[in-house]
Amino acid sequence: MDLRHLKYFLAVAETRNFTQAAASCYVAQSALSQQIARLEKDVGAQLFSRTSRSVRLTAAGELLEPLARRILADVGNAQAALDALSGLRRGRLRLGLLQTRASSVDLVEVMADYHAHYPGIDFQVTNAPSLEMAAAVLAGDLDIAVVGLGPRQVPEGLDHLVLASDPLVLIVPADHALADADVVDLADLPESHQLIQFTRGSGLRRQVEAAFARAGVEPGQHFQVGQIQDMVRLAARGIGVTVVPSSSVFGGDALPGPDVEDGLPYGARALRIADEAAAHTICAVHDSKRLAPAAAAFLEVVERHAVRD
């Protein structure tokens, strides 16, 4: 079985389109189709169900897909291990980074520190929701992912390193019924409240929903916004309430601008949540059973920065 055939197979499996797969692999469509046919001959089964309108994986294709990913990931790790004999002079690191800043751990500084020590290692960076990146590490598509998941939310089979835990705060407009409270329980929110939520599938979204679940209440009516700063500004304007990491208003991620005072837009209040478990926890997740040397070195740099901070 040729590794190139597996790469072509995965390209078609991901795009469900032979033309797009051929373009992503920089080969002619006819050549790609021939290689897929050879692979099907080698495995003794049809891998794709093709019609004039669609391309779908067969049962054999669905079985092969995760195995092919692992095979190619293991080959990449083997090459990285051989590179390690040369002192990590070359190679690549497939890194997943969460869409919000990792609290006190500045990942830009981590990457700069790592590059200073290992300039021959190339970064391949992915930004996606936390659960999606954790699944990619489990599948072997990423080496490490920094995700907004707590230890109990990390998928089984992955190891984790806690980097930071940022308390969550409730943002309400100044005329809200709870605006003068120092500490609130999420159960105190009126049933009619409108909740401004972060991206579905993100670690922050899951941690906010978990906090509401511990309070024994439903999050209520909500809508989704892709930027935490926009969530805070919308809450300040009375569109709804929101729950965000405290660093978003009191730390390095605080809102800039003339309409901001003490990190908050005018007309907004940040209230502490009574639930001590309500926090935006940041973890670096990896699979220790197949951790490439370049990834192991990155974990060491991350841990050094986390201890320093």
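Computed values, structure above
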{"read-out": "Counted residues, region 153-182 - those being small (Gly, Ala, Ser) and within 23 Å of Ala215 (Cβ to Cβ)", "value": "4"}
{"read-out": "Candidates Arg89, Arg101, filtered to the one that is touching a Ser or Thr at 6+ places or on another chain (Cβ under 9 Å), modelled with pLDDT under 75 and open to solvent by 70 Å² or more (accessible area, probe 1.4 Å)", "value": "Arg101"}
{"read-out": "Number of the exception - Ala164 against (1) without any contact (Cβ under 8 Å) to a residue 40 or more places away in the chain; (2) surrounded by 15 or more Cβ atoms within 10 Å (Cβ to Cβ)", "value": "(1)"}
{"read-out": "Filter result (more than 13 Å from the chain's Cα centre (by Cα) and surrounded by fewer than 16 Cβ atoms within 10 Å (Cβ to Cβ)) within region 134-160", "value": "Ala139, Pro151, Arg152, Glu156, Gly157, Asp159"}
{"read-out": "Selection from region 269-296 of residues that are part of a helix (DSSP H, G or I), open to solvent by 10 Å² or more (accessible area, probe 1.4 Å) and in contact (Cβ under 8 Å) with a residue 12 or more places away in the chain", "value": "Ser288, Arg290, Pro293"}
{"read-out": "Flag if Val225 is at pLDDT 85 or above and β-branched (Val, Ile, Thr)", "value": "yes"}
{"read-out": "Those helices (runs of 4 or more DSSP H) lying entirely in region 3-78 with at least 3 residues open to solvent by 40 Å² or more (accessible area, probe 1.4 Å) and in contact with a strand residue (DSSP E or B) (Cβ under 7 Å, 6 or more places away or on another chain)", "value": "none"}
{"read-out": "Wholly enclosed strands (runs of 3 or more DSSP E) of region 169-254 bearing at least 1 residues aromatic (Phe, Trp, Tyr) and either in contact (Cβ under 8 Å) with a residue 60 or more places away in the chain or farther than 21 Å from Gly150 by Cα (or both)", "value": "221-224"}
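The values are calculated or read from the model by the stated rules, or taken from the named source; none is laboratory data. It should be emphasised that the depicted structure is a prediction, and the values quoted were computed from it without experimental measurement. All Cβ positions, glycine included, derive from the backbone under ideal geometry; neighbour counts span all protein chains shown. SASA here: full protein model, heavy atoms, side chains in, ligands and nucleic acids out. Shrake-Rupley method; radii C 1.70, N 1.55, O 1.52, S 1.80 Å.
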